[in-house]
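Computed from the coordinates by the stated procedures, all read-outs in this text should not be read as laboratory data. This one's a predicted model, so the numbers in the text were calculated from it and none came from an experiment. When we count neighbours, we look across all protein chains shown, and the Cβ atoms used for this are built from the backbone with ideal geometry, even at glycine.
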Amino acid sequence: MGRGAARRGKGRGPAGRSFRAPLPSGFDARIIAAMSDRTVVSRFAPSPTGYLHVGGARTALFSWLLARRHRGRFLLRIEDTDLARSTERACVQLLEDLRWLGLHWDNDPVVRQSARLEVYDHLIDDLKSRGLAYDAYETAGELDALRKVAEREKRAFIYRRREPGEEEKRRFAVENRPAVVRLAMPVREFRFHDAVLDKDIVMPAEEAQDFVIRKTDGMPTYHFAVVVDDHAMGISHVLRGQEHLKNTFYHLAIQEALGYAAPTYGHLPIILNIDGSKMGKRDRDKKIRVHAHGWMKNSKKTPEELAAAAGLPVERIGGWLKSETTQLDLAEQQSVMEAIGLRESDLPEILVHDFRKNGYLPEALLNFLALLGWNPGGDRERMSMDELVEAFDIGGIGKSNARFDRAKLLNFNTEAAASADPTRLVAVFREYLSVNPESPLNGADDAMLGKLLAMKKGFRTLREVDEPSRFLFLADAAIQYTPEAVEKVLKKQNGRAVLVDLNPILRDLPEWTAETIERAVEAYCQSKSLGLGKVAQPLRVAVSGSAVSPPIFQSLELLGRPATLARLERCLAETQASA
Ligand code: GLU
């Protein structure tokens, strides 16, 4: 039994009696130590500024697992006090992504900070009346100047209280200068024990500074609202990204001023790309640049020609092609991608929505994210949600950066799809289609989706089922023949002649099933001493437009005889005209 369990064993029960409750095996000792009689209440507190990033999803998952592991509560709070950056749309998207992942929260309605302004105001006014916070009048320009002085003197900029003189106060009043409110942070050491890093994190006294708790627009800062709400919601454990590590000292200072107990804090390792670079939106821009260079090389085009094809200024494109630090905005990226034939789905996924749209299963993504910085012990990897809950332990979270291995995620997804119950897989596929509204498969019924999934067994993502099957759901006249396929398969390899022969054979088949089609095609192959590929490939091109499709005979059965024959005839007519 661990150290914490022993401590709890000696503890006092709610009624004041001592008790020795048996603990479930593997119960996290460090949690118990921090828990005393409280239950675990964790939270996820995203700022609604865009879709959920995988890093945010991992934070949500770890907080969720912690709560579920200890039969506690997982709460959701929307931190929307940054009026310039928060949007309602982002808020809806965040909730959607969490729902898709299956990370359900236990509070309804969700806490929204923008609805709690009165609470923050009241507390800030109280701190001011007790001399623990005060109005500060420096403008952004003045603060900048102070920062520059510190920079020149090669020291960190520390803001300490400076009481304006009477004269200054009068001038500010005349100018109607807006004020922020700053917390008077005690000038002394602050420290806390980080449950993930498993060590004390210390801020020396000289780094203490009076930081802003209410902005000039009247909104509380993140620091203030986060502390007030964690307390109001009874949060016992805060797991969040390492970028917040040093913010925690400010949070401790606010807690002290307000007389709150501090929750247990744990800061999660940073997520890096496999090459060690920081994972972020930049990666998408990088990939577009690499492809743009490839496109120019293969098609012997200049940056000027790329700019013209994308409809963008030459200087902009030229600068972007040369410099890794220049990034195109979303609209510019779109224009370049169109010009070079790169699709959205070819870009590396960064947001949960990207993974969802490219056909990942939520359980595979969650399993993968769980292992980003957390080790369940042994060499366990593929785990169900129940197994993750059972094994989760803050002590197993690593201290060093985690690497995002996309190949491993693809393997997880392949395995998750292969082992998923067929009915559920259809439901997940339907969900995938709902975020890919351009796919004609949206018109297919569940039975048909089930057949397509079965036909592509072994697929890595749902996109790999969707895209090659789209030809089955297009109007015959909408099939576009890929010039390379026509050239190679129909002309060079003489596939056109095969189609001429097959046309009446298929037309006269007594029954239209994958087996009867296959048998007829095999008989034809034998009679002509042709390999199956020499016949299947032209058929593929004729019905789908390209040389890749799901298994051809099953595809033809699904497509039906009339459409198959119509496409064969159209293909023959078009290739004759261009022959
Ligand atoms: N709204 C903050 C963020 O999205 C929350 C940080 C925290 O968990 O304290 O980064």
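Multiplying the sequence separation of residue 261 and residue 387 by 0.36 nm and subtracting their Cα-Cα distance, what value in nm do you get?
42.1 nm
So what is the calculated 222 nm ellipticity per residue for the chain, using -39500 (n - 2.57) for each DSSP H run with n of 4 or more, over all residues, to the nearest 500 deg cm²/dmol?
Mean residue ellipticity, 222 nm, calculated: -15000 deg cm²/dmol.
Among 242, 254, 201, pick out the residue whose Cα is farthest towards the positive end of the charge dipole of the stretch 186-276, where Lys and Arg carry +1 and Asp and Glu carry -1 on C-beta, about the Cα centre.
The residue sitting farthest along the positive end of the dipole is 254.
Just to verify a number: FRET efficiency for residue 117 and residue 478, C-beta to C-beta distance, R0 = 56 Å, to 0.05?
The pair residue 117/residue 478 has a calculated efficiency of 0.55.
Count neighbours as other Cβ atoms within 10 Å of each site's Cβ, and list the GluC sites (Glu not before Pro) in the stretch 369-403 that are DSSP loop with at most 15 such neighbours.
Numbers: sites: 381, 387, 390; in loops: 381.
Filter output for the stretch 369-403: 381.
Want the number for residue 145 to residue 488: 0.36 nm per residue separation, take away the alpha-carbon distance, what's left? Each step should come with its number before you reach the end.
On the way: separation 343, 0.36 × 343 = 123.48 nm, distance 6.86 nm.
Taking residue 145 through residue 488 to full extension adds about 116.6 nm, to one decimal.
Which percent of Cα-Cα pairs in the stretch 187-227 sits in each 10 Å bin, short to long?
Taking every Cα pair in the stretch 187-227, the percentages come to 25, 35, 33, 7.
Could you state the number of Å between the C-alpha centres of the stretch 52-81 and the stretch 166-230?
The two parts, judged by their Cα centres, are 26 Å apart.
Report the percentage of all Cα-Cα pairs in the stretch 201-258 whose separation exceeds 12 Å, rounded to a whole percent.
71 percent
Computed over the Cα atoms of the stretch 263-341, what is the convex hull's projected area averaged over all directions, in nm²? Please list the in-between numbers first.
Values: hull surface 28.3 nm².
So the Cα hull casts an average projection of 7.1 nm².
If each of residue 512 and residue 448 carries a label point 7 Å out from its Cα toward its Cβ, how far apart are those two points in nm?
Simple spin-label model gives 1.4 nm for this pair.
Show me 537-547, 481-491, 339-349 ranked by packing, highest mean number of other Cβ atoms within 10 Å first.
Highest to lowest by the protection proxy: 537-547, 481-491, 339-349.
Sticking to Cα atoms, compute the Rg of the chain to one decimal and its Dmax as the biggest Cα-Cα distance, whole number, in Å.
31.1, 106
Out of every Cα pair in the stretch 162-294, what percent are spaced more than 22 Å from each other?
Details: 4883 of 8778 pairs.
Percentage above 22 Å: 56.
Which value, in debye to the nearest 20, gives the size of the charge dipole of the chain about its Cα centre, when Lys and Arg are +1 and Asp and Glu are -1 at the Cβ?
The dipole of the chain has a size of about 1340 debye.
Rounded if a/c is under 1.5, else prolate if a/b is larger than b/c, else oblate: which is the stretch 494-556, with a ≥ b ≥ c the root eigenvalues of its Cα gyration tensor?
Cα axes put the stretch 494-556 in the rounded bin.
Along Cα→Cβ, 7 Å out, is where each label goes; now give me the distance between the ones at residue 403 and residue 162 in nm to one decimal.
Distance between the two pseudo-spin positions: 4.8 nm.
Antiparallel versus total DSSP beta bridges in the chain: what percent is that, nearest 5?
Expressed as a percentage, antiparallel bridges in the chain total about 50.
Relative contact order for the chain using alpha-carbon pairs under 8 Å, separation at least 6, rounded to a whole percent?
12 percent
Placing +1 at every Lys and Arg Cβ and -1 at every Asp and Glu Cβ, with all other atoms neutral, what dipole size does the stretch 100-152 have around its Cα centre, in debye to the nearest 20?
Computed about the Cα centre, the dipole is about 220 debye.
Using 0.36 nm per residue, how much length does the chain from residue 379 to residue 106 gain when fully extended, once their Cα-Cα distance is taken away?
Contour length minus Cα-Cα distance gives 95.1 nm.
Computed FRET efficiency, Cβ-Cβ of residue 49 and residue 135, R0 41 Å: what is it to the nearest 0.05?
0.90
For residue 530 paired with residue 217, estimate the spin-label separation in nm (one decimal), with each label point 7 Å from Cα along the Cα-to-Cβ line.
Each label point lies 7 Å from its Cα, and together they span 6.8 nm.
Give me the Kirkwood hydrodynamic radius of the stretch 482-521, using the inverse of the mean 1/r over all pairs of distinct Cα atoms, in Å to one decimal.
11.2 Å
May I ask you to derive the FRET efficiency for residue 201 and residue 424 from their Cβ-Cβ distance with R0 = 25 Å, giving the value to the nearest 0.05? List each step's numbers first, then the result.
Values: r = 44 Å, r/R0 = 1.74.
Given R0 = 25 Å and the Cβ-Cβ separation, E is 0.05.
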